[in-house]
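Right, one structure below, let's go through it.
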């Protein structure tokens, strides 16, 4: 046999032999789904995906480079989420990262087999029936959920520091985000002697009328509850609050950088990195049913002094000292 033929035959035989005990098989390309209400071409969503990739690729001690992220963006249309989730399952993703309550619901309605990593600042996973408990979820959902009651009480207290003596607060609420935040805020308002006026919106087209109605109702300040609808329209919300001369606090810190008065909430880039890291652990063999649900650990407070001046407000030292960033 010629030398070249011998080498070719030996290579084929070697490829068919079982791997030695302890030897690692070549890594299979992993697929992770990213399901969000965000829009195509949105720089905000692009940044979130980049942070997710950071968590997938560079945490946990080893570099994993062979992970494909399949993005599905619903462009604010909730009814698109279910078919997008079904498509991700058909594409054989090993994990679905579901961003916001509607995305989590759509993923759960589609599959009980594929692990779901939720990033949800608006729901209680146990009360929603998605998990049996925080330490051992028991199903196919884990992820990051906000401890809502304490957080909403803090935002109401903060608004009271910005507008001393405030007794009438408008609340901007997106029904698709659920009622848990609203219930928590109502409980906090009762304890502080504050009256809440709820302004429900279902799309960005409802914003203008909602803010006009707030002024007519005599509101002296606004709290915008967490919603992916609001996250994608921060600049529009800031402009409307300014038009109506209403001091407003938004759950997304970037709100202040978009022209709003105060943004206070979880540090979102770090949450998306954390989401990617959780997905990575599942890809590496961790059982989703035993993977504890996590809470945000880093919060950001950003205040905009230019907006405060335009509203004829002086932000108190308690806000300025606590702020991670002050826009002048």
Just the number, please: Stokes-Einstein D of the range 172-310 in µm²/s, Kirkwood Rh from C-alpha pairs, 25 °C, 0.890 mPa s. 148 µm²/s
Quick check for you: which residues of the range 129-171 have the amide N under 13 Å from the point 7 Å beyond the Cα of residue 287 toward its beta carbon? 136-140
If neighbour count is taken as other Cβ atoms inside 10 Å, put 207, 252 in order from fewest to most. 207, 252
Need one number: the % of Cα-Cα pairs in the range 67-182 sitting beyond the 20 Å mark. 49 percent
Tilt, helix 268-283 to longest principal axis of the chain (alpha-carbon atoms), in degrees rounded to tens, equals 30 degrees
Normalized C-alpha radius of gyration of the range 106-248, against 2.2 N^0.38 Å? 1.16
Taking a ≥ b ≥ c as the square roots of the eigenvalues of the Cα gyration tensor, with a/c under 1.5 meaning rounded and otherwise prolate when a/b exceeds b/c and oblate if not, the range 189-269 is oblate
Please sort 154-162, 95-103, 316-324 by packing, taking for each peptide the average over its residues of neighbouring beta carbons within 10 angstrom, highest first. 95-103, 154-162, 316-324
Virtual spin-label span in nm between residue 318 and residue 68, 7 Å along Cα→Cβ: 5.4 nm
Using the beta-carbon distance between residue 235 and residue 168 and R0 = 25 Å, what value does 1/(1 + (r/R0)^6) give for FRET efficiency, to the nearest 0.05? 0.45
To the nearest 0.05, how large is the calculated FRET efficiency for residue 90 and residue 202 if R₀ is 35 Å and r is the Cβ-Cβ distance? 0.75
In degrees between 0 and 90, to the nearest 10, how far off the longest principal axis of the chain does helix 101-110 point, with axes built from Cα atoms? 40 degrees
Gain in length, residue 220 to residue 175, computed as 0.36 nm per residue apart minus the alpha-carbon separation, to one decimal in nm? 13.9 nm
Kirkwood radius from Cα pairs of the chain plugged into Stokes-Einstein at 25 °C, 0.890 mPa s, gives D in µm²/s equal to 114 µm²/s
At residue 161 and residue 213, where each label point lies 7 Å from the Cα along Cα→Cβ, what is the point-to-point distance in nanometres? 3.1 nm
Full extension from residue 113 to residue 147: what is 0.36 nm times the residue separation minus their Cα-Cα distance, to one decimal in nm? 9.6 nm
Please identify, among 163, 126, 194, the residue showing maximal mean-square fluctuation in a Gaussian network model of the chain using a 10 angstrom Cα cutoff. 126
Among bridges DSSP assigns within the chain, what percent are antiparallel (round to 5)? 10 percent
Sorted by Cβ density within 10 Å, fewest first, the residues 89, 171, 222: 89, 171, 222
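Throughout, read-outs are computed from the coordinates displayed, never taken from laboratory work. What you see is a predicted model; the values in this text were computed from it and never measured. No Cβ is skipped: glycine too gets one built from the backbone with ideal geometry, and neighbour counts run over all protein chains shown.
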